Amino acid sequence: MSMLENDKDYWRWQESCWIDERRDWRTARIVSAGIDIGSVSSQAVVCVDGELYGYHSMRTGGSSPDSARKVIDALLARSGMAIENLHYLVGTGYGRINIPFAHKTLTEIACHARGANYMAGPSVRTLLDMGGQDCKVIRCDERGKVERFLMNDKCAAGTGRGMEVIADLLKIPVVELGERSFAIDAEPPAVSSICVVFARSEALGLIKAGYTKNKVIAAYCQAMAERVVSLIKRIGVEQEFFITGGIAKNSGVVKRIERLLGVESIHTKYDSQIAGALGAALFGHTLMQKQTKES
Amino acid sequence: MIANYGYQDGTGEYYIAIDTAHCAECPVDHACVKACPQQMFEIVEDDYGDSMSWIKEEHRCLLIDDCASCKKVSDHTGLPCVVACTAGAIEHSW
């Protein structure tokens with residue numbers, strides 16, 4: 001019996017924190033931070049002199065200001081910093097207008113493109129961000145500047161929250177869904193429903209019809225992949241292609257997207273969920289540089 | 001930048017695309033704002049400091065309904081926002 005068998009938290013993903021111990025923020029000229037308050041997860045990133053120093057990623061709570069404070073405090077505590085040590089802080093994401101201590105707010109579109117440019121390099125031209133409750137496709141140039149974008153936040157199908165719902169329904173930890181979607185004898189057709197509520201009903205129907213849980217997951221991953229691929233095709237894919245957001249950790253969706261597009265995505269050492277906050281911190285660095293030059 | 005505001009759902013794809021490069025140098029002082037009977041357009045400064053027109057957030061997931069009064073069933077030509085934008089920066093996907 002799995003450890004989670006009796007719990008209700010099959011949707012729960014690992015919150016994370018990381019600090020680059022080789023860098024010392026005390027000797028930096030500019031310490032900038034970015035906070036991305038998403039609908040499902042929140043991230044804080046600190047950059048020293050324009051390089052990633054540390055990040056913290058956690059679940060968003062009921063209040064955006066509280067989530068912002070909590071995520072940045074957790075990161076600062078780990079690094080021995082106080083908020084006064086941050087020269088510039090940029091807020092982004094769904095809850096960005098509710099970060100009272102941010103010097104500036106920017107859209108998550110611009111921040112994700114800038115963050116992806118840092119994480120995957122200047123060759124990235126097409127970025128797919130699969131967030132908690134929305135999905136974004138962004139085309140950018142070699143500096144990470146947005147050239148075109150498209151966003152869909154109409155419903156939760158094709159997003160992280162949709163995957164969490166399926167994890168809870170099937171009583172399988174969300175982090176296992178990707179691998180389990182390949183433990184099948186033959187690839188099933190995608191679930192037909194585009195709405196996560198109906199997809200849930202359809203998944204229940206498939207179980208009753210004799211589908212294994214793994215096959216239901218495969219059908220759901222395929223549906224999610226088909227849905228985002230239609231968005232990507234609307235913008236057009238130009239290589240290199242990079243995926244960010246929590247769903248980037250789900251190989252079942254990522255590999256199916258790659259298969260449908262006929263393009264492989266770039267893999268990096270960074271946590272795929274920090275792109276928005278990282279971009280915000282990098283914008284913060286640039287804005288602070290500009291401010292210093294002007295004064 | 002080509003900014004697509006809208007959504008995709010079970011009934012189709014509904015996006016209004018705005019070419020912000022043309023929008024930033026608008027020759028008619030963002031006439032789209034006044035032209036839209038639903039007042040869906042708004043002038044904002046984008047993340048890179050350029051002035052541009054965008055679709056207000058509260059309309060982005062309701063385009064099929066909010067644009068309905070301007071879209072006759074058989075003829076989608078002559079949309080007020082598209083006609084007002086002489087720079088040709090606005091396109092509807094449906």
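Each reported figure results from applying straightforward, stated rules to the coordinates on display, with no laboratory input. Given the structure is predicted, the values throughout are model-derived calculations rather than measurements. No Cβ is skipped: glycine too gets one built from the backbone with ideal geometry, and neighbour counts run over all protein chains shown.
Taking the centroid of alpha carbons for each part, the stretch A:210-260 and the stretch A:127-178 are 9 Å apart. The alpha-carbon of A:Lys213 sits under 23 angstrom from the alpha-carbons of these lysines, leaving out residues fewer than 8 places away in its chain: A:Lys8, A:Lys171, A:Lys249, A:Lys255. The alpha-carbon atoms of the stretch A:126-265 define a convex hull whose volume equals 93 cubic angstrom per residue.
With 10 angstrom as the radius, rank A:Thr286, B:Thr11 by how many other C-beta atoms surround their C-beta, starting from the fewest.
B:Thr11, A:Thr286
Summarising the label geometry, the points placed 7 Å from Cα in the beta-carbon direction at B:Glu25 and A:Asp66 lie 5.0 nm from one another. Summarising the strand pairing of the stretch A:126-265, around 70 percent of its internal DSSP beta bridges are antiparallel.
What separates the Cα centres of the stretch A:46-75 and the stretch A:16-32 is a distance of 14 Å. Within the shell defined by Cβ-Cβ distances under 12 Å, the residues around A:Asp141 carry a net charge of +3, with Lys and Arg each +1 and Asp and Glu each -1. Antiparallel beta bridges, as assigned by DSSP with both residues in the protein assembly as shown, represent about 75 percent of the total such bridges. Helix A:64-79 axis versus longest C-alpha principal axis of chain A: approximately 70°, rounded to the nearest ten. With a cut-off of 20 Å on the backbone N, the residues of the stretch A:250-278 near the modelled label site 7 Å out from A:Thr286 along Cα-Cβ are A:274-278.
For A:Lys104, a cut-off of 26 angstrom between C-alpha atoms picks up these lysines, skipping any fewer than 8 places away in its own chain: A:Lys70, A:Lys136, A:Lys145, A:Lys290, A:Lys293, B:Lys56. By definition, a body whose alpha carbon gyration tensor gives a ≥ b ≥ c is oblate when a/c is 1.5 or more and a/b is not larger than b/c, and the protein assembly as shown fits this oblate description.
In terms of the Cα gyration tensor, with a ≥ b ≥ c the square roots of its eigenvalues, is the stretch A:182-261 rounded because a/c is under 1.5, prolate because a/b exceeds b/c, or oblate?
prolate
The fewest-to-most ranking of A:Trp25, B:Trp94 by surrounding Cβ atoms within 10 Å reads B:Trp94, A:Trp25. Sorting A:197-209, A:32-44 by average packing, meaning the other beta carbons within 10 Å per residue, from highest down gives A:32-44, A:197-209.
Placing +1 on the Cβ of every Lys and Arg and -1 on the Cβ of every Asp and Glu, with no other charges, gives the stretch B:2-92 a dipole of roughly 420 debye about its Cα centre.
In the stretch B:2-92, taking the dipole from charged Cβ atoms about the Cα centre, the farthest positive-side position among B:Pro80, B:His30, B:Trp54 is held by B:Pro80. Inter-label distance, A:Arg78 to A:Lys293: 3.3 nm, where each label sits 7 Å from its Cα along the C-beta direction.
Its Cα centre serving as origin, the stretch A:126-265 has a Cβ charge dipole (Lys and Arg +1, Asp and Glu -1) of approximately 320 debye. Shape class of the stretch A:25-150 from the alpha-carbon gyration tensor: oblate, with a/c at 1.5 or above and b/c at least as large as a/b. Adding -39500 (n - 2.57) for every DSSP H run of four residues or longer, then dividing by how many residues chain A holds, sets the calculated 222 nm ellipticity at -12000 deg cm²/dmol. For the Cα atoms of chain A, what angle does the longest principal axis make with the long axis of helix A:213-235, in degrees from 0 to 90, nearest 10? Once rounded, the angle reads 50 degrees.
Give the average, rounded to an integer, of partner chain Cβ atoms located within 10 angstrom of each Cβ in A:105-111.
Per residue, the number of nearby Cβ atoms from other chains is 3 on average.
Between the helical axis of A:275-294 and the longest alpha-carbon principal axis of chain A there is an angle of about 20 degrees. With a simple spin-label model that places each label point 7 Å from the Cα along the Cα-to-Cβ direction, the separation between A:Asn85 and B:Tyr48 comes to 3.5 nm. Taking the empirical scaling 2.2 N^0.38 Å for compact globular proteins as reference, the stretch A:149-226 has a Cα radius of gyration ratio of 1.03.
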